[in-house]
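Trainee: Below is the structure I would like to discuss, written out as structure tokens.
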Amino acid sequence: MAKKIRPQTGSFAYAKYQLRRSILENALEKDFMTEDYNDALEFFGGCAFCGVKQAPRKDHLIPVIRRGDLTRRNVVPACQKCDDSKGPKEYHDWMRNSDSRRSLKARGSTDEQIEGRIKRIEKWQSGYRAKKTEKELFGKEYAKYQEILQRMERLCEEAEQMTQRVQARNRKPGIAQASMPRSSKSGESSADRIRQFIIKQYVVPARRRGEKTITVRAGDVHAKMKLCRQHANVCQVMKGDKFRHLANVKLKSFKGTKAGANAYFTYQL
């Protein structure tokens, strides 16, 4: 039987991320013109990241979620493969370190070529600076912005509870729960639930307190969620790109056991 893959866009965490990104995108500066794209295309000769000629996408060097504007110095032409693989990642780190099947190295770029393209991107980006914080961006509207995000948090909680009731009511009789070992009643995978738990219990409260970094111990997450022998899964989630993408955090450091309770992850908020 073919494995059923649940789309990422069905996640409530993804819905919250999309709202936040949409608010930021509309609040940030937008003055990128067709002539800017044409100039960039001529400057790079195609995709800024890999060099292929066909580069129809317009990629933010500093992502919207990190308050990057849609302006000439912050946007470069990109091919579909690079744009999809990079996503909201910081371009230096993605270009040098990504090991996905669509990464630059997986597609044959050498370290020398990558460093040359990075220098060219830096030259194009020279002089551009994004807003440092969301508080600086929204100014006197910052409290309202936080209120909207909190309302979204509550709405998603209500929606999740409702869908759990619907799932329970509509579940066909005779289907054993053991046949779905990786799924919750809402249809989310255990990894999805771990991501959402960490965001709700650690990331969101830390941001409300105005903290710049947080350190999360895998064993604490495991215990609070009442999991059973899933320390490796918790660690895998906490170091994964998807968690960092949804939580809008950057992994600063890691110490401790690689897949055990005493694994400590420090994130920049």
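Trainee: Out of curiosity, is Lys255 without any contact (Cβ under 8 Å) to a residue 40 or more places away in the chain, within 29 Å of Thr133 (Cβ to Cβ) and either outside any loop (DSSP other than H, G, I, E, B) or out of contact with any strand residue (DSSP E or B) (no Cβ under 9 Å at 6 or more places or on another chain) (or both)? Steps first, please.
Mentor: Details: without any contact (Cβ under 8 Å) to a residue 40 or more places away in the chain: yes; within 29 Å of Thr133 (Cβ to Cβ): yes; either outside any loop (DSSP other than H, G, I, E, B) or out of contact with any strand residue (DSSP E or B) (no Cβ under 9 Å at 6 or more places or on another chain) (or both): yes.
So Lys255 fits the description; yes.
Trainee: Based on this model, can you work out whether Ile114 counts as within 25 Å of Glu42 (Cβ to Cβ) and free of Cβ contacts under 8 Å to residues at least 40 places away in the same chain? Break it down into steps so the answer makes sense when it comes.
Mentor: Details: within 25 Å of Glu42 (Cβ to Cβ): yes; free of Cβ contacts under 8 Å to residues at least 40 places away in the same chain: yes.
So Ile114 passes the test.
Trainee: From the list Gly108, Gly116, which one is assigned to a helix (DSSP H, G or I), not polar (S, T, N, Q) and not assigned by TED's automatic domain parsing to the domain that holds Phe197? Quick ask: steps written out before the conclusion?
Mentor: Values: Gly108 fails: assigned to a helix (DSSP H, G or I).
Just one listed residue meets the conditions, Gly116.
Trainee: Going through the stretch 91-105 one residue at a time, which ones are surrounded by 13 or more Cβ atoms within 10 Å (Cβ to Cβ), free of Cβ contacts under 8 Å to residues at least 12 places away in the same chain and not in a helix (DSSP H, G or I)?
Mentor: Lys105
Trainee: Right, another one. At pLDDT 90 or above and more than 29 Å from Tyr91 (Cβ to Cβ), is that true of Gln161? Show your work before the answer.
Mentor: On the way: at pLDDT 90 or above: no; more than 29 Å from Tyr91 (Cβ to Cβ): yes.
No, not satisfied.
Trainee: Against the condition more than 18 Å from Gln18 (Cα to Cα), surrounded by 15 or more Cβ atoms within 10 Å (Cβ to Cβ) and modelled with pLDDT under 90, how does Ser109 come out, does it pass?
Mentor: no
Trainee: How many residues does the stretch 225-252 contain that are in contact with a strand residue (DSSP E or B) (Cβ under 7 Å, 6 or more places away or on another chain) and farther than 18 Å from Glu90 by Cβ? Spell out how you get there, then give the answer.
Mentor: Taking the stretch 225-252 as the starting set, the residues that turn out to be in contact with a strand residue (DSSP E or B) (Cβ under 7 Å, 6 or more places away or on another chain) are 235, 238-239, 244, 249-252.
Those left that are additionally farther than 18 Å from Glu90 by Cβ: 235, 238.
Going through the stretch 225-252 one residue at a time, the tally reaches 2.
Trainee: Restrict the check to the stretch 83-90 and report whether at least one residue is in a helix (DSSP H, G or I) and closer than 14 Å to Gln125 by Cβ. It would help to see each step written out before you state the result.
Mentor: Going through the stretch 83-90, the residues in a helix (DSSP H, G or I) turn out to be 83-86.
Now narrow it down to the ones that are closer than 14 Å to Gln125 by Cβ: none.
Scanning the stretch 83-90, I find no residue that is in a helix (DSSP H, G or I) and closer than 14 Å to Gln125 by Cβ, so the answer is no.
Trainee: List pairs: first residue in the stretch 19-33 and under 22 Å from Gln146 (Cβ atoms), second residue part of a loop (DSSP other than H, G, I, E, B) anywhere in the structure, Cβ distance under 6 angstrom, at least six positions apart or on different chains.
Mentor: Leu28/Asp69; Glu29/Asp69; Glu29/Thr71
Trainee: Could you pull out the residue among Ala206, Ala191 that is touching a strand residue (DSSP E or B) at 6+ places or on another chain (Cβ under 6 Å), modelled with pLDDT of 85 or more and surrounded by 13 or more Cβ atoms within 10 Å (Cβ to Cβ)?
Mentor: Working: Ala191 fails: touching a strand residue (DSSP E or B) at 6+ places or on another chain (Cβ under 6 Å).
Testing whether each residue is touching a strand residue (DSSP E or B) at 6+ places or on another chain (Cβ under 6 Å), modelled with pLDDT of 85 or more and surrounded by 13 or more Cβ atoms within 10 Å (Cβ to Cβ) leaves just Ala206.
Trainee: Turning to a different aspect of this structure: Restricting to the stretch 145-169, give me the number of residues that are in contact with an Asp or Glu (Cβ under 9 Å, 6 or more places away or on another chain) and among the aliphatic types (A, V, I, L, M).
Mentor: 0
The values are calculated or read from the model by the stated rules, or taken from the named source; none is laboratory data. Note that the structure is predicted; figures quoted are calculated from it, not measured. Backbone-built Cβ (ideal geometry, glycine too); neighbour counts: all protein chains shown.
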